[in-house]
1. Restricting the search to segment B:19-38, which residues are touching a Gly at 6+ places or on another chain (Cβ under 8 Å) and free of Cβ contacts under 8 Å to residues at least 12 places away in the same chain?
2. Answer yes or no as to whether residue B:194 is crowded, with 18+ Cβ neighbours inside 10 Å and modelled with pLDDT of 95 or more.
3. Taking the criterion of being within 19 Å of the chain's Cα centre (by Cα), within 13 Å of another protein chain (Cβ to nearest Cβ) and assigned to a loop (DSSP other than H, G, I, E, B), would at least one residue in segment A:155-169 satisfy it?
4. For segment A:229-254, what are the residues that are in contact (Cβ under 8 Å) with a residue 60 or more places away in the chain, in a helix (DSSP H, G or I) and more than 7 Å from chain D (Cβ to nearest Cβ)?
5. Report yes if some residue within segment C:121-130 is part of a helix (DSSP H, G or I) and within 20 Å of residue C:221 (Cβ to Cβ); otherwise report no.
6. Which of (1) within 11 Å of another protein chain (Cβ to nearest Cβ); (2) assigned to a loop (DSSP other than H, G, I, E, B) is the odd one out, the single condition residue A:103 does not satisfy?
7. So, in segment B:189-213, exactly how many residues are among the basic types (Lys, Arg) and in a loop (DSSP other than H, G, I, E, B)?
4 protein chains.
Amino acid sequence: MADSLELSVVTSRIGDVRKAIDAAGHPALYMVDTISSLASIDYRHDEWNVDVTVAGSQKGLMLPPGLSFNAVSPKARAASKHATLPRAYWAWEEIIESNRNGYWPWTPATNLLYGLDAALDQLLEEGLPNVFARHARHGDAARAAVRAWGLEILCADPAQYSNSLTAVLMPAGHDADAFRKLVLERFDMSLGTGLSKLAGRVFRIGHLGDFNDLTLMGTLAGVEMGLALAGVPHRAGGVEAAMKALVEARRVSR
Amino acid sequence: MADSLELSVVTSRIGDVRKAIDAAGHPALYMVDTISSLASIDYRHDEWNVDVTVAGSQKGLMLPPGLSFNAVSPKARAASKHATLPRAYWAWEEIIESNRNGYWPWTPATNLLYGLDAALDQLLEEGLPNVFARHARHGDAARAAVRAWGLEILCADPAQYSNSLTAVLMPAGHDADAFRKLVLERFDMSLGTGLSKLAGRVFRIGHLGDFNDLTLMGTLAGVEMGLALAGVPHRAGGVEAAMKALVEARRVSR
Amino acid sequence: MADSLELSVVTSRIGDVRKAIDAAGHPALYMVDTISSLASIDYRHDEWNVDVTVAGSQKGLMLPPGLSFNAVSPKARAASKHATLPRAYWAWEEIIESNRNGYWPWTPATNLLYGLDAALDQLLEEGLPNVFARHARHGDAARAAVRAWGLEILCADPAQYSNSLTAVLMPAGHDADAFRKLVLERFDMSLGTGLSKLAGRVFRIGHLGDFNDLTLMGTLAGVEMGLALAGVPHRAGGVEAAMKALVEARRVSR
Amino acid sequence: MADSLELSVVTSRIGDVRKAIDAAGHPALYMVDTISSLASIDYRHDEWNVDVTVAGSQKGLMLPPGLSFNAVSPKARAASKHATLPRAYWAWEEIIESNRNGYWPWTPATNLLYGLDAALDQLLEEGLPNVFARHARHGDAARAAVRAWGLEILCADPAQYSNSLTAVLMPAGHDADAFRKLVLERFDMSLGTGLSKLAGRVFRIGHLGDFNDLTLMGTLAGVEMGLALAGVPHRAGGVEAAMKALVEARRVSR
């Protein structure tokens, strides 16, 4: 699905898409996958009038995988009641009814809910604007590294850069998955893969969640050393460019 | 649903039900909920020709809640492909396809899968026959306690006693939920509730999973002291009867 | 050492001993081992004018073993500076100097210090008077069980009963250590051993720290079933007597 | 103490010192502090004829602090029995006696002993020669970074470089502790301090224990960015030089 692919490598202009749907008078439900961005990049389900938002515990919320979240508009709930398409995971009514009294219709993943409570405390203690600024700083630094390597970021429009993931296009003739395998074996680091038509052509660098300046530097160093060991044409200096970007940002901010 | 109610207080004769369905030539799928029994009481999905078995991580498998398991017959898979009923959690094909190569169609709850691996090691180290015998011993002892208290076990036929849960009928005029509340407040122990038409009339004593003779004794002591504090008519001596049953079983077995 | 033996089975009258030392005008340092009692039974280093108090993390403070604590009077510190006896673990000056600024003279067991911080929060949330009352209730109930079994408590004077440990004298001709071994093997419960001249003649039941009414009942049931399996002459009814004592205490207190 | 200072910044020639002591016919006990090197750099208590070796759980053994280890020669044990100097932590005889049967004279830090068991499994699975080679690779790379920065390594003789710690001399007029504070605040990374006469003049980069290529790169990036933010005269390129060293080592070894 093209949408979900783009979501993972650019920051979609969610509000603008809503306006376009409304301008066209189109009745479609508007669904947004925020798995790789919630709590890393600003997002407003209500204000942007989204119908169904999907999120997960395992990225910006800094938890193990196992919890998924839906925010659902009245329009989507109404549509759900009469929908006849086979579906999984979209039986909201029972959950909403049960949640009203603090319960679930079945046994929930309680240990992850306790973890979620702690993760939200951490995020609110840091402050969401600071969390978003941290991700913006890391997104800038990661892109500075990619440019210094002379490689191409898979996002043409700077207005849509993602601050939680940076997708990098492999030079022609080099397989992204072979490169990812080498990095995993040599440096014990798992880079993201390209999906569907980008399979084998792209690798993704994640920089979100429980992540700081030095984990970013370790990450970028793993990519730069991997490029050297894999014989992928590139210039050295990516990590150095990222450090310069971070030092610059630090000088300004505090 | 009558079936799920019974499952939680008796041991259903799964194989016999299968034979009855077959004898009647009925085309229904045969679904069995083993949430409160898997890895505590003997169960054979294939041998008993069940169509869909449902299980969870949080009882006999000794893990936090968060994983659910389905075993699915070819007949159920075929039916699923053409079913038009709205449903949640029954989209098997994608999972089966992905599992074939060791993957999942989405991010699984990895920490619970590691826990499952450890739990299965523990169960196999103890040996399933020993695990089942342990639960049988605890079921016998729990029922001995209930009888000594002069209360009624919610299962008329000894052949169908459950070795993982014992449901106890409250004497007329006494509310099971008020009793459960007192036990929770005074002894920090959560007893199970009666479902649907048994609501308020029954409390359930769980004795399954990571459970030994002394946790059973603590559990039964919590019930016996709760009965005294709540003024529920009963005879003392339940814990003592359970100890006698366990000592007897130990003398025989080793 | 007679003192440490008694400490573990009775509650020593620390203040009275101080007065006796002072009345005799004896210059000895007064040292008290509170390992099995701190945070379970009332204790006052300053008020009782003790010279050296020793405690550990692993009992009333509910932590793994690994931390030991000393409270030291000015008199003991002065004596320590000039003492020539070989000794281990009594080099206070360096620690006191370093602690003044929040440091240690060497790398401390930081994970246990974090645990200690959490354990103290728990104790203060429950309230020390409630913590002491809980241990008193459990001490009473454990002694009621021993009496019902017809066995002898190793403490003649009720004024000196210990609320954190109950030592039980084995009937003549029965080896306490063989009994402890059987209980460990059958019920996975480790009873304390008798020390020095009581070796083999006594077993100790611990009831302190992170401990509630139902863990006490599980503990006493393990002893009662063990006595039956070991063929130690006793009367049944110990657990029942303990439950009666607890129910009575609950009726009065709340 | 000069010895312990040097131990932390160079690799002492333990065997050579032994030979010198023997050649001089000097009766002194030979004691070696391996806290920052055991399980990171080759060490042979028996072969090098050391009298007392001291180690701790918190560095190469990858555990929280809390355990300390002594290896003791017969000569040191004999001396200990008659020593009259006040001392802490050197009462070996009781421990040795008790250990013989698998016990301790007091309650040991059991959770750390379980951790030690797991840590030793990890070390043996990696293989000690590989563990030492990994630390050697990281020591080389760290020193390459320091040289690229144009700073001075506090060890004149390459034969004595430490592979677990690299001490860096601050340029005149710059306070090492102020620099360490900035790095801690900005990058949440704690660098080691200079001891005694090196206080304020040196900072130490640890690269030992549970440590891989990318944690080293994150560490060196924290130093390089800290030097920039603190205005310490240096050349950029340290991280890049370290990456080159690692890539080179990887090309050769596998």
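The values are calculated or read from the model by the stated rules, or taken from the named source; none is laboratory data. Remember, it's a predicted structure, so these values are computed and weren't measured experimentally. All Cβ positions, even for glycine, are placed from backbone atoms using ideal geometry, and neighbour counts span all protein chains on display. Ligands, DNA and RNA are excluded from the accessible area calculation, which covers all protein heavy atoms including side chains. Shrake-Rupley method; radii C 1.70, N 1.55, O 1.52, S 1.80 Å.
1. Answer for segment B:19-38, where residues must be touching a Gly at 6+ places or on another chain (Cβ under 8 Å) and free of Cβ contacts under 8 Å to residues at least 12 places away in the same chain: there is none.
2. Spelling it out, it is not the case that residue B:194 is crowded, with 18+ Cβ neighbours inside 10 Å and modelled with pLDDT of 95 or more.
3. no
4. Across segment A:229-254, the qualifying residues are A:238, A:241, A:242, A:244, A:245, A:249, A:253.
5. Of all residues in segment C:121-130, those part of a helix (DSSP H, G or I) come to C:121-126, C:128-130.
Filter once more, keeping what is within 20 Å of residue C:221 (Cβ to Cβ): none.
No: zero hits.
6. Among (1) within 11 Å of another protein chain (Cβ to nearest Cβ); (2) assigned to a loop (DSSP other than H, G, I, E, B), the lone unmet condition for residue A:103 is (1).
7. 1
Residues are listed down the side, and each one gets a yes or a no for (1) open to solvent by less than 20 Å² (accessible area, probe 1.4 Å); (2) not hydrophobic (A, V, I, L, M, F, W, C):
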{"residue": "B:124", "(1), (2)": "no, no"}
{"residue": "B:131", "(1), (2)": "yes, no"}
{"residue": "B:147", "(1), (2)": "no, yes"}
{"residue": "B:152", "(1), (2)": "no, yes"}
{"residue": "B:158", "(1), (2)": "no, yes"}
{"residue": "B:176", "(1), (2)": "yes, no"}
{"residue": "B:184", "(1), (2)": "no, no"}
